[in-house]
1. When Gly106 is evaluated against the numbered criteria (1) more than 10 Å from the ligand (Cβ to nearest atom); (2) within 18 Å of Ala267 (Cα to Cα), which criterion, by number, is the only one it fails?
2. Identify, by number, the condition in (1) on the phi > 0 side of the Ramachandran plot; (2) in contact with a helix residue (DSSP H, G or I) (Cβ under 7 Å, 6 or more places away or on another chain) that Gly194 doesn't meet.
3. Return the only residue of Asp120, Asp137, Asp97 being closer than 17 Å to Ser268 by Cα, surrounded by fewer than 24 Cβ atoms within 10 Å (Cβ to Cβ) and either in contact (Cβ under 8 Å) with a residue 12 or more places away in the chain or more than 11 Å from the ligand (Cβ to nearest atom) (or both).
4. Which helices (runs of 4 or more DSSP H) does segment 32-150 wholly contain that include 2 or more residues that are out of contact with any Lys or Arg (no Cβ under 7 Å at 6 or more places or on another chain) and at pLDDT 90 or above?
5. Taking the criterion of being hydroxyl-bearing (Ser, Thr, Tyr), within 27 Å of Glu299 (Cβ to Cβ) and in a loop (DSSP other than H, G, I, E, B), would at least one residue in segment 186-199 satisfy it?
6. Within segment 260-302, count every residue that is part of a loop (DSSP other than H, G, I, E, B), of a type in the set (Gly, Ala, Ser) and more than 20 Å from the chain's Cα centre (by Cα).
7. Criterion first (buried (at least 18 other Cβ atoms within 10 Å of the Cβ) and in contact with a His (Cβ under 8 Å, 6 or more places away or on another chain)) does Gly106 satisfy it?
8. Specify the residue that is farthest from the ligand (Cβ to nearest atom); the eligible residues are those in segment 140-162 that are of a type in the set (Gly, Ala, Ser) and crowded, with 24+ Cβ neighbours inside 10 Å.
Amino acid sequence: LPSTTERPTGEHPSACPRKLRGDEEEGLSNSRRVPSRPLTVVTGSQNPGVIPGTNPPHVGRDIVPERPPVDHLKEVARVCGIMGYVGPREAAPVIMDGLRRLEYRGYDSAGVAVANGSIDVRKAEGKIVNLEARLEDEPLTGTIGIGHTRWATHGEPSDLNAHPHTDPTGEFVVVHNGIIENFQTLREQLEAGGAVLVSQTDTEILAHLVAEEYNGDLASAVRRAVERAEGAYALVVMTKREPRKIVAVRKISPLVIGLGDSETYLASDIPALLHRTRDFLIIEDDELVTITEDGAVVETIEGELIDREVIHIDWDAEQAEKGGFDHFM
Ligand code: GLU
């Protein structure tokens with residue numbers, strides 16, 4: 001049986017349209033390269049079969065690798081955008097601004113979650129303007145939130161599959177850039193325990209795992225959740241139980257923290273935040289970071305504190321496009 005699905009080499013059906021790429025509309029340089037298309041690779045026992053809306057298993061391939069080469073995960077990690085904000089200002093406009101600046105990475109849908117007592121989520125398939133329209137109809141109010149532009153790997157591009165995803169109680173919310181390779185096994189485990197998953201994504205499982213692992217400390221819950229997951233992730237999590245904090249963890253997919261004045265940002269790349277701050281922490285593989293308005297605490301995935309140096313960026317976004325920031329990713 002073929003156990004590898006692969007994206008076609010042609011245009012992604014819902015890829016960010018040409019006119020949105022390279023920020024031409026904003027008058028910025030269009031020298032940014034649009035990332036090549038990521039591959040979806042599902043292996044052996046993890047093969048979920050054909051998920052509606054995803055590509056059928058690749059036909060005509062005799063030799064199927066046992067595990068996806070890491071490069072495939074790296075390709076996936078180069079697309080999609082993540083944003084987070086905690087501070088005194090309204091979170092939704094800050095997050096939407098960041099998502100627009102991350103559009104060049106490519107996406108098929110977008111979403112945002114803001115915590116303000118409860119956690120409220122808005123999402124929309126297609127361009128960011130669709131999400132903007134939704135937010136106009138149903139605004140989000142609150143000063144902490146997370147956002148995402150998705151490039152689907154598991155499950156078709158749709159409102160439902162767009163991130164953020166919540167656990168069934170709605171108390172935990174996640175966004176994720178990457179692939180969870182053992183998602184089918186995890187899905188079966190969760191369903192055997194009575195869980196009902198509402199989307200086709202690998203990401204929703206992470207919201208369930210964090211909720212299941214929660215025992216009063218979000219960072220510990222995220223740590224235990226990703227111990228159960230294999231693959232690539234920048235995973236960003238909020239819970240209404242710890243309302244002024246965002247926890248994120250990284251493996252392969254990029255993640256940076258921007259340090260402001262009594263406000264803290266999180267993003268997939270530095271240029272998305274350069275108009276807001278010049279002080280950054282670069283999160284590396286297998287590291288976990290907790291952000292509050294007071295700053296960030298970086299730890300290894302095992303929970304050992306890391307004294308991460310704050311990097312002060314002198315260059316501007318255009319210089320970054322010419323190669324300055326690739327170094328950090
Ligand atoms: N694998 C996840 C999904 O299909 C995340 C894709 C991404 O990086 O945007 O929803």
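The values are calculated or read from the model by the stated rules, or taken from the named source; none is laboratory data. From a predicted model like this one, the values you see are computed outputs, not experimental measurements. Positions of Cβ are generated from backbone atoms using ideal geometry, with glycine treated the same way; all protein chains shown enter the neighbour counts.
1. Evaluating Gly106 over (1) more than 10 Å from the ligand (Cβ to nearest atom); (2) within 18 Å of Ala267 (Cα to Cα) leaves (1) as the failure.
2. In the conditions (1) on the phi > 0 side of the Ramachandran plot; (2) in contact with a helix residue (DSSP H, G or I) (Cβ under 7 Å, 6 or more places away or on another chain), Gly194 misses (2) alone.
3. Of the residues listed, the single one that is closer than 17 Å to Ser268 by Cα, surrounded by fewer than 24 Cβ atoms within 10 Å (Cβ to Cβ) and either in contact (Cβ under 8 Å) with a residue 12 or more places away in the chain or more than 11 Å from the ligand (Cβ to nearest atom) (or both) is Asp97.
4. 91-101, 128-137
5. No.
6. Residues that pass the stated criteria total 2.
7. For Gly106, the condition - buried (at least 18 other Cβ atoms within 10 Å of the Cβ) and in contact with a His (Cβ under 8 Å, 6 or more places away or on another chain) - is met.
8. So the first thing to find is which residues in segment 140-162 are of a type in the set (Gly, Ala, Ser), and the list is 142, 145, 147, 152, 155, 158, 162.
So of that shortlist, the ones also crowded, with 24+ Cβ neighbours inside 10 Å come out as 145, 147, 152, 162.
Numbers: Gly145: 18, Gly147: 12, Ala152: 5, Ala162: 8 Å.
Ranking the candidates gives Gly145 first.
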